[in-house]
Amino acid sequence: MPFSFTTEQRQTIAWLLLGLSLLVLMILLGPILTPFVAAAILAYALNPGVDWLASRRIGKLYVPRMLAVVAILILLLVALLALILVVIPMLQKQIPLLQEKIPNFLIWLNDFISPRLQELGIEVRLDSAGIKEMVMQYFSTSGDEIWAAILSSAKVGSTAVLGWIATLFLIPIVLFYLMLDWHALLVRLRNTVPRRWVNRTVIMANEADSLLAQYLRGQLLVMLVLAVYYSAALAIAGFDVALPVGILTGLLVFIPYLGFGLGLILALIAAVLQFDGFHGLLAVALIYGVGQVVESFYLTPYLVGERIGLHPLAVIFALLAFGQLFGFVGVLLALPASAILSVALRHLRFNYLKSSFYNQS
């Protein structure tokens, strides 16, 4: 007798194939999903504030949800502008000073390093004249290749810049509509779940929501601790820009590597401008090296990882794995996505231990 599927089995297979097709489509559309993913993350984080404002009264009437959404968006924009206003004045002040300091710094660097390189048989001048000579030699020997590389980089770079500008303009629009229709979207998602799985899906969603809330609180605590650490450490080392650089490094730590990298660059610039010799650079290296170790191996695993039920090794693996699979966006989503996966795996393990496949001897 030939094997045949039941009607229910055929329907299940059809829906599974449809789900896999949608997953493949999302992977193929990955480059254009960035603003939607970013807006969804922001909407999830900001929706409690919108709900709180919408539950307030103005006289006898509740605040309209659209007005609450607009108010939250304005607060977000003000926070971003405040962050920008911390960085730009500092850069405007330091860049001219940096231009003045670079020649003297290169002369000192040349006097310090060139004799040691000459002892190894390496003839290199690291002062302004030597660097200018090396650059001119490179341009004169490979002019055609340089122009081809510049034109190619300009073409690729302009496309990337236009993409980033479009993304930055699209995120607020998507965020507005997501926050405005947040609860209606959740209802629609719930209504798409097969009826026999609704209760279990809701339980899992509530658990994931609780874990993500704990993750956000843990991440905010990490940002606060690091902002205090970097500000205090740079101030003790005698940096004039300790407060803005330390606060900026701490606030941007939720973007792995970017916050640390930007703070490190600003601190190195400040060290070159303010101090003579290497001791300012060594202070920056020590402060940021200790900060990175403390963040990676203690703060993030224990303040964030434990709150979402992940072992410190699982946190490190999640950051590396999601970064490898999805790039920069994957690094951003690593811990929240791992929290959701941990809920699904916990329920899967529970059902596995109750199954006859496991218990049958």
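Here, each number is a calculation from the coordinates, and none is a lab measurement. Since we're looking at a predicted model, the values are computed, not measured. Cβ sites come from the backbone with ideal geometry, for glycine too, and all protein chains shown count toward neighbours.
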Exercise. Can you give the net charge of the other residues whose Cβ lies under 12 Å from the Cβ of Pro194, counting K and R as +1 and D and E as -1?
Worked result: +3
Exercise. Hey, got the dipole for the stretch 198-351? About the Cα centre, +1 on K and R Cβ, -1 on D and E Cβ, debye to the nearest 20?
Worked result: 540
Exercise. How far is it, in nm, from the label point at Leu83 to the one at Ile265 when both lie 7 Å from their Cα along the line to the Cβ?
Worked result: 1.5
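Could you work out the equivalent-ellipsoid semi-axes for the stretch 198-351, taking the square root of 5 times each eigenvalue of the Cα gyration tensor, largest first, in whole Å? Intermediate results must be reported in sequence, preceding the final value.
Working: eigenvalues 270, 37, 27 Å².
The three semi-axes for the stretch 198-351 are 37, 14, 12 Å.
If you rank Phe357, Phe260, Phe278, Phe36 by fewest surrounding Cβ atoms within 10 Å, what's the result?
By the 10 Å Cβ count, ascending: Phe357, Phe278, Phe36, Phe260.
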Problem set entry | Exposure proxy ranking, count of Cβ atoms within 10 Å, fewest first, for Glu8, Glu295, Glu207 | Glu8, Glu207, Glu295
Exercise. If Lys and Arg each add +1 and Asp and Glu each add -1, what is the summed charge of the other residues whose beta carbon sits under 11 Å from the beta carbon of Val69?
Worked result: -1
Exercise. Rounded, prolate or oblate: which fits the stretch 173-222 when a ≥ b ≥ c are the square roots of the eigenvalues of the alpha-carbon gyration tensor, with rounded for a/c under 1.5 and prolate only if a/b beats b/c?
Worked result: oblate
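How do Ser355, Ser342 line up, fewest other C-beta atoms within 10 Å first?
Numbers: Ser355 10, Ser342 18.
Neighbour counts put them in this order, fewest first: Ser355, Ser342.
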Seminar exercise, completed: Residue separation between Leu75 and Leu286 times 0.36 nm, minus their alpha-carbon distance, gives in nm 72.4 nm
